[in-house]
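Worksheet for the structure shown next.
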Amino acid sequence: MKNGIERHYSAYKGELTKLYGFKKGYLFLDLTLGDGGHTQEALEAGCRVVSFDIDDEAIKRAVNFVPEKFSPQIIEPENTSKPITRDFNWIIIHSNFTKVEEIVKKLELPLFDGIMVDLGPSQYQVLSPDRGFSFAEDTPLDMRLTKDLGVTAADLLAVLNEGELAELFTLGDEPFAKPLARIIVKQRTINPIKTTKQLADLVFKVKKGRSGRIHPATQVFMALRMVVNLERENINLLLPQLPHLLKKDGIMGVISFHSGEDKLIKDFINGEIGKNNLSAINEKPIVPSTSELLISPRTRSAKLRLAKKTN
C-alpha cells in the first residue's frame, strides 16, 4: 500500500500474456501506466516496455509497486532531444498519450508488437481526497487528472445551463439526467455546489435513494470526470495513431468501462477493417471472468477489444 491507498487492480490482470503472446524481447506499449499492473505483467514475461502517464503521482506509485529489478528510465519528452538506445528494458514517458506518435518518432522508438490502452481511472485517482472523484468523502469537486486542465467539475456545475447539464449527464448513461440538471440549476441559485457530498446528496434526493448494484451518483460523477478530462476528445485523438505504431501482425487492445467509449472503439476498429489496416481479434468485447470479478468487482463493466495490424 502506498500513500494509504491500496494498489489498483488492473482489469484482465494475468490474462494479457496469453492474449498478446508476451515473450522475451516483445516490445509493449502501455499507454495508461496507472499503478503499473499491465506494465509489470509484460516486464515479468520478458517484454521490453514503454509506458505513458501524464499523472506525476501515478508514475511515482508505479515505480514503487513494480519490483526494483525493473527500474525504469523516466523521460520528459519536452526536455529530451536524443533518441532512446535500443537496449532499454523499461521507459516511462511523462506525457499525455494523445502525443504518442509524435513522441515515438522524436525518440526514434521502433514499431511495437503490442499496445494497451486502459480507459478506466485508477483506484488511487478515484480515492485520493484531493481529486474530488469520490462521493465516499466530502471533498472539493475537482476531478482533474492533471492540474494543467483549467476547468473543474464544480466550474461546470456553476456555468452550464439546464440543457447542457442534462446532455452532459447522458454521457454517463444517467437516466435521470433532466431532473438532475433541473435541481442543480435551482440549487446553485441558493448555494454553489462545490463539494462531492453536496452533489451526491442532490442525486440521492432526485433518485430517492435508488441504487441497485452501484451508488446513485456513480453515473453523474463518471460523466463529469469524462468531460473535465476531455476523455472522449482524447480517445478520438489517440485511436487513429495506434495502427501507425504497430508492426505487421502487432496487436492493439483497448479497455473501456462505458458503453459510449466502447462504441467509439468498435466504430474505429470497423473503419480500419474497411481500410484493410486492422482485423478484429474478437467480434464481441471480452468481459472479465467470474474469478476476476470475485477478486475485483469494480471490473464488472470492463470491455476489452483487440485488433491485429494487417499491413
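The values are calculated or read from the model by the stated rules, or taken from the named source; none is laboratory data. Everything numeric in this text was worked out from a predicted model, so none of it was measured. Counting neighbours? That spans all protein chains shown, and the Cβs are built from the backbone with ideal geometry, glycine included.
Worth a mention:
- Just one of the listed residues (Arg305, Arg232, Arg300, Arg225) is surrounded by 20 or more Cβ atoms within 10 Å (Cβ to Cβ) and under 23 Å from Phe176 (Cα atoms), and it is Arg225.
- For region 8-34, a residue qualifies if it is under 19 Å from Ala302 (Cβ atoms), in a loop (DSSP other than H, G, I, E, B) and modelled with pLDDT under 95, and the qualifying residues are His8, Tyr9, Ser10, Ala11, Tyr12, Lys13, Gly14, Glu15, Thr32, Leu33, Gly34.
- Scanning region 65-118 for residues that are buried (at least 16 other Cβ atoms within 10 Å of the Cβ) and of a type in the set (Gly, Ala, Ser) yields a total of 2.
- Every condition in (1) touching a Pro at 6+ places or on another chain (Cβ under 7 Å); (2) over 27 Å from Lys303 (Cβ atoms); (3) in contact (Cβ under 8 Å) with a residue 40 or more places away in the chain holds for Pro110 except the one numbered (1).
- Considering region 147-176, and only residues there that are among the small types (Gly, Ala, Ser) and touching a residue at least 12 places away in the same chain (Cβ under 8 Å), the residue that is farthest from Phe221 (Cα to Cα) turns out to be Gly163.
- Residue count, region 232-278 (criterion: small (Gly, Ala, Ser), over 19 Å from Phe28 (Cα atoms) and modelled with pLDDT of 95 or more): 1
- Among residues of region 45-64, those that are out of contact with any helix residue (DSSP H, G or I) (no Cβ under 8 Å at 6 or more places or on another chain) and surrounded by fewer than 23 Cβ atoms within 10 Å (Cβ to Cβ), counted: 7
- For region 41-65, the set of residues classified as closer than 17 Å to Asp118 by Cβ and modelled with pLDDT of 95 or more consists of Glu41, Ala42, Leu43, Cys47, Val49, Val50, Ser51, Phe52, listed by residue number.
- Any chance Glu174 is within 22 Å of the chain's Cα centre (by Cα), at pLDDT 90 or above, crowded, with 16+ Cβ neighbours inside 10 Å and closer than 20 Å to Ser301 by Cβ: yes
- Residue that is nearest to Tyr20 (Cα to Cα) [pool: residues in region 242-295 that are in a strand (DSSP E or B) and among the hydrophobic types (A, V, I, L, M, F, W, C)]: Ile251
- Residue check for Ala217: at pLDDT 95 or above and outside the structural domain of Asn96 (by TED's automatic domain parsing): no
- Breaking point among (1) of a type outside the set (Asp, Glu); (2) in contact with a Gly (Cβ under 6 Å, 6 or more places away or on another chain); (3) at pLDDT 95 or above, for Ile92: (2)
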